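Here is the structure we will look at.
What follows draws every value from the coordinates through simple rules; no lab data is involved. Note that this is a predicted model, so its numbers are computed, not measured. Note that each Cβ is placed from the backbone with ideal geometry, even for glycine, and that neighbours are counted across all protein chains shown.
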Amino acid sequence: MVQLKSPREIETMATGGKILAATHEQMRKSIRPGISTAELDRVAEEFIRSHEGATPSFKGLYGFPASICSSVNEEIVHGIPSPRRVLKDGDIVSVDIGVYYGGLHTDSARTFGVGTVDAQTQKLLTVTEESLEAGIAEARLGNHVGDIGAAIEAHVKKGGFVVVRDLVGHGVGQSMHEEPQVPNHGKPKRGAKLAAGLTIAIEPMVNAGRAETRTLPDKWTVVTIDGKRSAHFEHTVAVTADGPRVLTR
Ligand code: MG
Ligand code: MG
């Protein structure tokens, strides 16, 4: 069932989303060669909990053991932070974070370069982030979920990369994952119609090589099938009469 949010609920999500955006800024400041993904998890959890009433959404969600997902290089999503996973110069790390505040969740991810990354990797990050913006621009009244996916996929293709099809964006709010699904591909004017009060996580996952994925034996970490790199950018967006409102900027 699609749950539309009241203007008041959207304001509450915007407050949680601000905490989430600030958490990503903490990640940006912390990420450097030599830091472990477990240390990033600790920084994020402490920072979120330092805000009255805010908790990390992911901790314990479906049994996930940490406050962030940290996915390095060929890992697409759902990487588990570990003290043994130490970031190196030239790596990329996708950090996915959820914040629960005032009874509502927000969800946002960014991929960061560690130290200096090569030009092709930088292009992957840039194209993925741009494709998120292209998708957000379509989150308008009267459009459909397919308009978002079509815009994302078109931008990614133009950049010479591919979108992941095995994983999708989603409604978000009272629960971390609500209807509708928001794929990163699609056809304009197809899929669920976008109504005022709909809050969705738009989250292109973009691969440098093939689109196919597999899940590691830890049952969480999703990686590219060919070992090439993947990037992930995500915002929680409210569809409003005034256009798309990004709640996690
Ligand atoms: Mg997320
Ligand atoms: Mg999400």
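A few points about this structure:
- Between Lys29 and Arg214, the modelled label-to-label distance comes to 4.1 nm, taking each label 7 Å out from Cα in the direction of the beta carbon.
- The relative contact order of the chain comes to 23 percent, based on Cα pairs under 8 Å that sit 6 or more residues apart.
- Under 17 Å, Cα to Cα: Lys pairs in the chain, sequence gap 8 or more or different chains: 11
- Residues with amide H under 5 Å from that of Ala192, placed H, sequence gap 5 or more: Val145, Gly146
- Whole-Å distance, taken between Cα centres, linking region 141-215 and region 25-94: 24 Å
- Once backbone amide H atoms are built at 1.01 Å from N, Asn184 has Gly169 as its partners under 5 Å, excluding neighbours fewer than 5 places away on the same chain.
- Per-residue HN-Hα couplings for region 205-215 [Karplus 6.51, -1.76, 1.60; θ = phi - 60°; Hz; x = Gly/Pro]: 10, 10, 9, 6, x, 7, 7, 5, 10, 9, 9
- Counting every other Cβ atom within 10 Å of each residue's Cβ, Asp91, Asp107, Asp166, Asp218 order from fewest to most as Asp218, Asp166, Asp91, Asp107.
- The chain: most fluctuating residue of Ala44, Ala201, Ala119 per GNM, C-alpha cutoff 10 Å: Ala119
- Helical segments meeting 24 Å axial Cα length and Kyte-Doolittle -0.5 threshold in the chain (DSSP H): 119-137
- Only helices enter the 222 nm calculation for the chain: every DSSP H run of n ≥ 4 contributes -39,500 (n - 2.57), and dividing by all residues gives -9500 deg cm²/dmol, rounded to 500.
- Fluctuation leader among Phe47, Phe64, Phe161 - the chain, Gaussian network, Cα springs under 10 angstrom: Phe64
- Here's how it looks for Leu247: its modeled amide H is under 5 Å from those of Thr236, Val237, Ala238, which are all 5 or more places away or on a different chain.
- Under a model in which nothing but the beta-carbon of Lys, Arg (+1) and Asp, Glu (-1) is charged, the chain shows a dipole of about 260 debye around its Cα centre.
- Just checking the listed ones, Thr55, Thr215, Thr106: in the Gaussian network model of the chain with Cα springs under 10 Å, the one fluctuating most is Thr215.
- Here the Karplus relation 6.51 cos²θ - 1.76 cosθ + 1.60, evaluated at θ = phi - 60°, turns the backbone of region 85-91 into coupling constants of 8, 9, 6, 10, 4, x, 5 Hz, with x for every Gly and Pro.
- Sequence-distant contacts, meaning Cα pairs under 8 Å at least 6 residues apart, place the relative contact order of region 100-192 at 32 percent.
- Rounded if a/c under 1.5, otherwise prolate or oblate - region 97-249, Cα gyration tensor axes: prolate
- 3J(HN,Hα) along region 172-187: 8, x, 4, 10, 5, 10, 10, 6, x, 6, 10, x, 8, 8, x, 10 Hz, from the Karplus curve 6.51 cos²θ - 1.76 cosθ + 1.60 with θ = phi - 60°, whole Hz, x for Gly and Pro.
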